[in-house]
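All remarks here apply to the structure that follows.
The values are calculated or read from the model by the stated rules, or taken from the named source; none is laboratory data. Since we're looking at a predicted model, the values are computed, not measured. Reconstructed Cβ throughout: ideal geometry from the backbone, glycine too, with neighbour counts over all protein chains shown.
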Amino acid sequence: MKFQRATLLVAVLVILGVSAPAGAAGTPTWQSAKNAALPSGAAGLYNGNLSTLSCPAAGYCAAGGIYQDSSGNAYGLLLNEVDGVWRAPTSLVPPANAVISSGVTLYDVSCGAPEDCVAVGSYSNTASDQLSFVDVETSGVWARAAQITLPANASSSAQVSDLHSVVCASAGNCSAVGTYNATASRSPLQEAYVVNDVRGHWSSGIEVRLPAGTNYNPFATLSQISCASAGNCSAAGSFIDANNVTHALVVDEVAGTWRPGLALATPDNASSYAGAQLSEVSCSTASNCSAFGTYNTSSGDVETLVANEVQGTWSRASEIQLPSTAASNPHVVLYGFRGIACPSNANCTSGGQYVDKSGDVQGFLVNEVNGKWQVATELTLPAGATQAGKNGGVVAITCSSTGDCSAGAAYEDSAGQYQALVASEVNRTWDNETTLSLPNNAATVGMAGGVYAVECQPSGSCTAVGSYETASDNYLGFTDQAS
């Protein structure tokens, strides 16, 4: 089963695509997928996990995930594409205080320049604490991962921390967000924190200042970050107030300084216990961003919300209008990967999953055009498909330019098997869907597989990542190209 990024890491694979030449907008044609190599001793991907991808230039990418050995021990996996060729895999070396079977969870990878990247996540130390790490690649070489120094009020024992998301605006200038346990008189509190890399030096973590009136334990989390430039970022997540109401949380970094967190006002039809939370955010320029999430209406329906930041001011969140096929309670799911992209101010694309009136699960895609969010459209599936399925729908979004985007997805075929899908938008029209041909004639991507990340360059070349299931119920990664 697929996990949302905000919860735990996910199932994965690597697909690599190249679209039409620069200046010639068109639909990419995908080739047959190829296996992604795993380190020696690997038994397969943990839950199909090869879920994160960053491509600072055409033909130069880094992908990350988790693999396991025959004993079930988990390790961080790093893959690099250099000049269009995927090199031998790298097993992430955890900090020196990690346990031997380190239980590494690699959440995200970002590259500030070709072969200069950062990976973040968590690992277990010899005292059974869960600690945050950063791993830095310089000139194509991954160093040993380093433990992040948590905020001063972090618990010194029984620590549970991680870094969920990282963005590098340039080499050596990155920002990352996550959670940690803070010391308290009764029991540890889950707080959110941010950490910056400035000219190659990682600072200590900074606790996010939450709005007034939080719960004793605010269960604060930051799920994703987006940076328009070095020192200008926005992060999205949630926290709980004193009445046990979950609020959507945004935190802005302006000129290198993190501001206090802001609770977004919910749509007019929200329940008093709206359970609002943000899982995805994208910034086109400094202080101009969009954040995507879910909330409960007064009728108990789970709907999609979106909020825009314009010149540093966040709007009240509004409801996304789903396709007319949506059930009265669409039970919207957002996977929490890079499911939103904003190629220019006030022009974004996002997607997710919903339940239709027949009880089937479908994917949806929605565009913001010149500041106005349109009515969402249902993801078109290939002939013979029955539905997107509870582990399908739209997972990842990328845009090479305004109105020209690609979406990574999965769906159920007529045999009830999940397949990997890439949908393409040209001139604001989603008019092409391609089922990927899997390596070794594999029949399915399985419940935990599919396309998990897609990135397209302004030139039109694209790369994506995901996973598939073997006949022995194991998961492997793959790469694919499109032109």
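The table below lists the values:
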item: Any hit, the stretch 336-358, residues being of a type outside the set (Lys, Arg), within 19 Å of ALA453 (Cα to Cα) and surrounded by fewer than 21 Cβ atoms within 10 Å (Cβ to Cβ); result: yes
item: Condition met for SER204 (hydroxyl-bearing (Ser, Thr, Tyr), surrounded by fewer than 21 Cβ atoms within 10 Å (Cβ to Cβ) and within 30 Å of CYS168 (Cβ to Cβ)); result: yes
item: Number of positions in the stretch 338-355 that are of a type outside the set (D, E, K, R) and in a loop (DSSP other than H, G, I, E, B); result: 3
item: Number of positions in the stretch 144-166 that are in a strand (DSSP E or B) and under 23 Å from VAL93 (Cβ atoms); result: 8
item: Among (1) at pLDDT 80 or above; (2) under 20 Å from ASN440 (Cα atoms) - the single one ALA63 does not satisfy; result: (2)
item: Conditions (1) surrounded by fewer than 24 Cβ atoms within 10 Å (Cβ to Cβ); (2) more than 20 Å from the chain's Cα centre (by Cα); (3) under 21 Å from GLY64 (Cα atoms); number of the one not met by LEU436; result: (1)
item: Within the stretch 181-273, strands (runs of 3 or more DSSP E) holding 3 or more residues that are of a type in the set (Gly, Ala, Ser) and within 22 Å of the chain's Cα centre (by Cα); result: 221-229, 232-240
item: Test: residue in the stretch 365-383 that is surrounded by 21 or more Cβ atoms within 10 Å (Cβ to Cβ), under 27 Å from HIS164 (Cβ atoms) and touching a Pro at 6+ places or on another chain (Cβ under 6 Å); result: yes
item: Flag if GLY446 is modelled with pLDDT of 90 or more, surrounded by 18 or more Cβ atoms within 10 Å (Cβ to Cβ) and in a loop (DSSP other than H, G, I, E, B); result: yes
item: Checklist (1) β-branched (Val, Ile, Thr); (2) over 13 Å from ALA62 (Cα atoms); (3) in contact with a Leu (Cβ under 6 Å, 6 or more places away or on another chain) applied to THR149, failing item; result: (3)
item: Residue among SER128, SER157 that alone is closer than 15 Å to TYR180 by Cβ, more than 19 Å from the chain's Cα centre (by Cα) and at pLDDT below 95; result: SER157
item: Leading residue by the ranking (farthest from THR398 (Cα to Cα)) among those in the stretch 312-326 that are surrounded by 21 or more Cβ atoms within 10 Å (Cβ to Cβ) and small (Gly, Ala, Ser); result: ALA326
item: Per-region count, the stretch 214-231, residues under 25 Å from ALA169 (Cβ atoms) and crowded, with 19+ Cβ neighbours inside 10 Å; result: 10
item: From GLU309, GLU303, residue being touching an Asp or Glu at 6+ places or on another chain (Cβ under 8 Å), buried (at least 23 other Cβ atoms within 10 Å of the Cβ) and in contact (Cβ under 8 Å) with a residue 12 or more places away in the chain; result: GLU303
item: Subset of the stretch 234-250 that is free of Cβ contacts under 8 Å to residues at least 60 places away in the same chain and closer than 17 Å to VAL281 by Cα - its residue that is surrounded by the fewest Cβ atoms within 10 Å (Cβ to Cβ); result: SER238
item: Members of the stretch 466-483 that are of a type in the set (Val, Ile, Thr) and modelled with pLDDT of 85 or more; result: THR470
item: In the stretch 311-326, the residues that are assigned to a loop (DSSP other than H, G, I, E, B) and β-branched (Val, Ile, Thr); result: ILE320, THR325
item: THR52 being touching a strand residue (DSSP E or B) at 6+ places or on another chain (Cβ under 8 Å) and within 28 Å of ALA228 (Cβ to Cβ); result: yes
item: Check on ALA113, farther than 24 Å from ASP480 by Cα, of a type in the set (A, V, I, L, M, F, W, C), surrounded by fewer than 22 Cβ atoms within 10 Å (Cβ to Cβ) and touching a strand residue (DSSP E or B) at 6+ places or on another chain (Cβ under 8 Å); result: no
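Rundown of residues vs (1) crowded, with 24+ Cβ neighbours inside 10 Å; (2) among the charged types (D, E, K, R); (3) part of a loop (DSSP other than H, G, I, E, B), yes/no style:
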position: GLU425; (1), (2), (3): no, yes, no
position: ASP431; (1), (2), (3): no, yes, no
position: VAL451; (1), (2), (3): yes, no, no
position: PRO458; (1), (2), (3): no, no, yes
position: SER467; (1), (2), (3): yes, no, no
position: ASP473; (1), (2), (3): no, yes, yes
position: PHE478; (1), (2), (3): yes, no, no
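Conditions (1) within 22 Å of the chain's Cα centre (by Cα); (2) outside any loop (DSSP other than H, G, I, E, B), marked per residue:
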{"site": "SER290", "(1), (2)": "yes, yes"}
{"site": "THR294", "(1), (2)": "yes, yes"}
{"site": "GLY300", "(1), (2)": "no, no"}
{"site": "LEU305", "(1), (2)": "yes, yes"}
{"site": "SER328", "(1), (2)": "no, no"}
{"site": "GLY336", "(1), (2)": "yes, no"}
